[in-house]
1. Quick one: which of A:Lys199/B:Lys296; A:Lys199/B:Lys377; A:Lys197/B:Lys296; A:Lys199/B:Lys202; A:Lys350/B:Lys421; B:Lys117/B:Lys250 span more than 32 angstrom between C-alpha atoms?
2. Taking square-rooted eigenvalues a ≥ b ≥ c of the alpha carbon gyration tensor, is chain B rounded, prolate or oblate, where a/c under 1.5 means rounded and, failing that, a/b exceeding b/c means prolate?
3. So, in Å, what gap is there between the alpha-carbon centers of the range A:275-302 and the range B:330-383?
4. Would you mind getting the accessible area per residue of the protein assembly as shown, heavy atoms of the protein chains only, 1.4 Å probe, in Å²?
5. Applying a 10 Å radius around every beta-carbon, put B:292-305, A:305-318, A:189-202, B:363-376 in order of their mean neighbour count, most first.
6. For the protein assembly as shown, what ratio Rg/Rh do Cα atoms give with a Kirkwood hydrodynamic radius?
7. Of B:Phe362, B:Ser173, B:Ala393, which is farthest on the positive side of the dipole of chain B, counting Cα position, with +1 on Lys and Arg Cβ, -1 on Asp and Glu Cβ, and the Cα centre as origin?
8. Rounded to the nearest 0.05, what FRET efficiency is calculated for B:Met96 and A:Leu109 with R0 set to 60 Å and r the Cβ-Cβ distance?
Amino acid sequence: MSEKENNEKQDAGKVFLDELTAEPSGETFWARAWHSISIPLLAIISGLVLGGFLIAVTSDAVWAAWAQSPWEAVKTAVVEVRIAYTALFSGSLGSPSAIVSALRGGDALEIRRAFNPILESLTASTPFIFASLAVALGFRSGLFNIGAEGQIFVGAIFSVFVGYSLTGLPAIIHIPLALLAGALGGAIWGFIPGWLKAKTGGHEVINTIMMNYIAFRLSDWLLNGPMQRPDSFNPVSPTIMDSAKLPKLFGPPIRFHIGFFIALGVAWLVWWLLFRTRWGFDLRSVGSNPHAARYAGMSIVGTTVAAMSLSGALAGLAGANEVLGLNHFLAMAFSSGYGFDSIALALLGKSHPVGVVLASLLFGTLRTGALRMQVVAQIPIDIITVIQAFILVFIAAPAIIRTIFRIRGAAGPEEAITIRGWGGG
Amino acid sequence: MATTIIERREVEIKSPTRQRVMGVLFLLLGASIWLFFGRGIEAGVETTFKLVPGGFESSLADWTLPALATLNILAFASAFLGGVQLVRGFGKRTNMILGIVASFFIFGFLVWAAAGKSMNLAGLLNTTLSKAVPLTLGALSGVLCERAGVVNIAIEGMMLAAAMVGALVGSVSGSLWVGLLAAVLVGTLLGLVHAVLSIKYKTDQIISGTVINIFAVGITSFLSAKFMQPNQALNDPGVFRPIVIPLLSKIPILGPILFNNNMFVYSMFFFLILIHVGLFYTRWGLRLRSVGEHPKAADTLGINVFNTRYMAVLLGGAMAGFAGGYFTLGSVGRFDEIMTAGRGFIALAAMIFGNWTPFGSFGAGLLFGFADSLAGKLAILGVQIPSEFLLMAPYVATMIVLAGVVGRGQMPAADGQPYEKE
């Protein structure tokens, strides 16, 4: 760890690395593992507890019970929250009894129905994996890519265009081509702010926010104009060719498609790039200490541009995955904020591909379960966004978690996430 | 640090490269007026501008212009200014000339778009003003925070939360003013969250802002779906009515545009002046700015950096809350999910475009508001330019400014850096 002395600014990933590679200071492996996951884990628990609190205080039944006695209200609140969270987890993981009885019955459709929730959760996680890998890669290189949302849109536009306009291709060529188009679209949308950052110092946070809205307007225009489905008055694109659709692995109602495995493959690729290649080392060095990296002869400009382009490409794949795997066409508000959620997930996963995949699986699960919770317990799905914000607070300010749970501070530098200054210094 | 900033500014305005770039830009704008607008128009076609907003009675006659001649004059004038800039340079006045040429271009566009037709110019300007209100107020929130060195990308979230609470409390209490007060309080509260996270816990300010944005989207959608949609009585606060100011509203052209608005427009002007004077002509403002430029020096001189930043961010939050109140109490009269629709980010852009100053932000707010209201008119006029491109213009313009093509903005030197007391 020769770079360690030069560390002025710590990013989350760097801290994670340090923790993984730190000299054993009399601590067991488990103690160290606890160190690196304790904050995310406690943040998730605290977020769910606060979410439960919100469910309780907005429940009519709880207030009705409050009129009788506070104790009644507490009891009702516990029941309400349990109903809600039971629905959340049975809706996202499936109920064990249903799985067992379906397997006993042996009816194929019943079995698929029983396994559907968990596969649906994996399907929902897929865009999160791509998008949060994009943000994580940015963090690793000291860049805050807040523009994943726009890159997702442009990726989707590119890949849906390749999907419907090219005909007569075999799937083995068409699918990779459409995916690459998505990556290219996202990469262009990441390249522009990356280039501006490197060449002019224009801060990537502002530029990527601007690029988001340019992308939204662009897709508005395309879907109302050149890319509108010929026989439709709605702002939707034509449906892509069958040869461009990502294959589904099971029969209906299961929507699970190979996109999930592509996402895992890409996550592995990002890990390999970051931690096993010279380029990844440069990127991380520029991220953790640009001054030292410059003295070491690394190209800040090249790395910044490459990192933003690659980050954009990853986000573009999230868009491609959605249009090629699920919707099969492009509609105006097809991405429900994956790009913004992914900021939270990248931080939760400490900008490490493994952590990011786990965080994405968690949120795919929560989102899927929330749909069922909405039906069973009449709790709007937006509760997940609130929970996510709570979790993000605790991740971003670990000192709060430490205060609540009285954990002693990590040895060495504080785990706060810092990115390079507003002014582009 | 402060001296270097002033030096850089001098150099940037007077540099020969900039002089040439600007000259070419003026020439290009002049050429485009001639090429894109003037050429397609036949001689004798007239453009009519109505100078009275709809629903307002006045004996003022319409303003009729010969389209082609007007465009040719505008094109020539822009080209002439470009020529002068290339040869001699306008020096310090370059930015002013840029403004003039840009307005020539915009006016040329209007003349072209409404050629052979009639366009209500006063109505357009009136819409521009009201669209500029949330942008300017939001940008003022940004100015307050960032001048003290705290980046605020949470304007969007603060406005959204304040808009919802304003509508809810306004409906329940039956009073618009109570609703507005609640909106301001919610903005202040989120400002406090931002301040505690970014000043006390030294969380990265952008992440802290992102947290607030995500939280605001989640909580407003949740509460709105849970309570306000099933029970519309909770979502009917009404709106502040326009107040016609006697005498002033009788001024031709400007009167009906400026002095027949609701309280938010007048408040915007009030806050604009208040914050401008406060920031640049009082001790309070000097202290606030010093904390944003060089906190260490300010600390040495006995200014409490943390308290000053807390105060600035709380005030910024209150301002964003006020801006949020505009959406429900000043404009629509009800809350819809995610109704701010990115205007907080345009406000952020307006602040950057306006060079972190109140009046600059107002100018940018007007410009962006103009693009927005014009986008709504294009379809009516039958112009073949997709309105989406006009709506993109603010974002593209901000990126260009940020890239330093037309002179780099002067952001506070310590913007975004947490202060660590030694």
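1. Correct reply: A:Lys199/B:Lys377.
2. The shape class here is oblate.
3. 40 Å
4. Result: 41 Å² of accessible area for each residue.
5. By packing density, highest mean first, the sequence is A:305-318, A:189-202, B:363-376, B:292-305.
6. 0.97
7. Final value for the positive-end residue is B:Phe362.
8. The value I calculate is 0.25.
The values are calculated or read from the model by the stated rules, or taken from the named source; none is laboratory data. These numbers come from a predicted model, not from an experiment. Ideal geometry is used to build each Cβ from the backbone, glycine not excepted, and the neighbour counts take in all protein chains shown. Accessible surface is based on the protein model in full, side chains and every heavy atom, while ligands, DNA and RNA are left aside. Shrake-Rupley method; radii C 1.70, N 1.55, O 1.52, S 1.80 Å.
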